[in-house]
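Heads up: the structure comes next, in structure tokens.
The values are calculated or read from the model by the stated rules, or taken from the named source; none is laboratory data. Here the structure is a predicted model, which is why all the values come from computation and not from measurement. When we count neighbours, we look across all protein chains shown, and the Cβ atoms used for this are built from the backbone with ideal geometry, even at glycine.
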Amino acid sequence: MFKNISNTAILRKFIFSAAFGLMLAGSAMAQGPLGQILNRMDANYKGLTSLKSNVTMVKTDSVLGEADTYEGKTSFIPESLAGKKYVRIDWSKPVVENIVVIGDSYQLFRPKLNQVIKGETKSAKSGAAAGGALAFVSMSKDQLKANYNVIYIAEESISGGVKTVHLQLTPKTKTSYKTADLWVDGDGMPRQAKVTENNNDTTTVLLTGIEKNTKVDYSLFKLALPKNVKVVTS
């Protein structure tokens with residue numbers, strides 16, 4: 001009798017374990033690659049306190065078919081830590097320019113012209129447009145899902161051979177751009193962003209040599225401007 005009870009208990013345990021395993025497998029399959037990468041992005045977002053990297057931006061005119069390429073370095077403090085995003089970009093090519101973005105406002109200093117341009121990132125042109133594209137680095141999963149329809153495209157390698165997942169984001173409300181594409185690495189870090197504007201012009205921003213969670217002082221986000229600088233509002 002005891003042997004039969006023991007066998008029955010073992011059988012029930014086996015059936016329960018098998019059923020539980022199937023439930024977990026079914027849950028993972030239902031979540032799919034999109035759910036998995038969004039979870040990794042969310043973990044990266046929650047753990048990110050600062051970022052430094054090299055940055056390359058390519059702006060393409062859809063009508064002329066011409067592209068301008070900018071190269072420089074960026075420092076970044078995410079909105080999740082500071083209450084609003086802090087971005088600094090120091091372009092070294094093709095010209096020296098310094099840009100600071102705080103929240104949705106930017107300042108672009110052009111030393112050669114002794115000129116500073118102030119405006120909103122949504123209307124930024126030239127080298128200042130990178131600040132808007134970098135905003136995707138500091139978005140939680142909930143923010144992405146609330147503001148965009150997100151589609152999984154494919155696994156792709158970007159410049160430098162970095163393996164990423166390509167996602168396409170379509171804004172749920174009217175914006176100055178119609179789509180944004182993200183290339184996200186296995187740790188959930190967006191490595192490349194491409195924004196396609198309503199007129200089909202594109203801005204592509206690539207991050208390389210990434211350093212996460214190093215010390216970045218807030219004083220870095222205040223431009224040292226000459227007293228006689230010319231101020232232009234865009």
What do you reckon, is K13 farther than 23 Å from A154 by Cβ, charged (D, E, K, R) and at pLDDT 90 or above?
no
Answer yes if at least one residue in segment 48-58 is more than 14 Å from D201 (Cα to Cα), modelled with pLDDT of 90 or more and surrounded by fewer than 17 Cβ atoms within 10 Å (Cβ to Cβ), and no otherwise.
yes
Specify the residue that is nearest to F221 (Cα to Cα); the eligible residues are those in segment 43-97 that are among the acidic types (D, E) and touching a Ser or Thr at 6+ places or on another chain (Cβ under 6 Å).
E79
Considering only segment 203-210, I want to know if a residue exists there that is in contact (Cβ under 8 Å) with a residue 40 or more places away in the chain and more than 16 Å from the chain's Cα centre (by Cα).
no
Unique match (being modelled with pLDDT under 90 and not polar (S, T, N, Q)) among K145, K172:
K145
Of all residues in segment 179-234, how many are of a type outside the set (F, W, Y) and farther than 26 Å from I153 by Cα?
22
For segment 54-71, enumerate the residues that are part of a strand (DSSP E or B) and touching a residue at least 24 places away in the same chain (Cβ under 8 Å).
N54, V55, T56, M57, V58, K59, T60, D68, T69, Y70
Hey, any hits in segment 61-69 for a residue that's surrounded by 14 or more Cβ atoms within 10 Å (Cβ to Cβ), at pLDDT 90 or above and out of contact with any His (no Cβ under 6 Å at 6 or more places or on another chain)?
no
Cβ-Cβ under 8 Å, sequence separation 6+ or interchain: first residue in segment 113-130 and in a helix (DSSP H, G or I), partner at pLDDT below 65. Which pairs?
T121/A128; T121/A129; T121/G131; T121/G132; K122/G132
Look through segment 206-234, keep the residues that are in contact with a Gly (Cβ under 9 Å, 6 or more places away or on another chain) and not basic (K, R), and return whichever of them is surrounded by the fewest Cβ atoms within 10 Å (Cβ to Cβ).
T233
What number of residues within segment 76-97 are among the polar types (S, T, N, Q) and at pLDDT below 95?
1
With respect to L108, determine if the residue is crowded, with 22+ Cβ neighbours inside 10 Å, at pLDDT below 90 and not in a loop (DSSP other than H, G, I, E, B).
no
Are any residues in segment 144-170 under 15 Å from the mean Cα position of the chain (by Cα) and either surrounded by fewer than 16 Cβ atoms within 10 Å (Cβ to Cβ) or part of a strand (DSSP E or B) (or both), and if so, which ones?
K145, N147, Y148, V150, I158, T164, V165, H166, L167, Q168, L169, T170
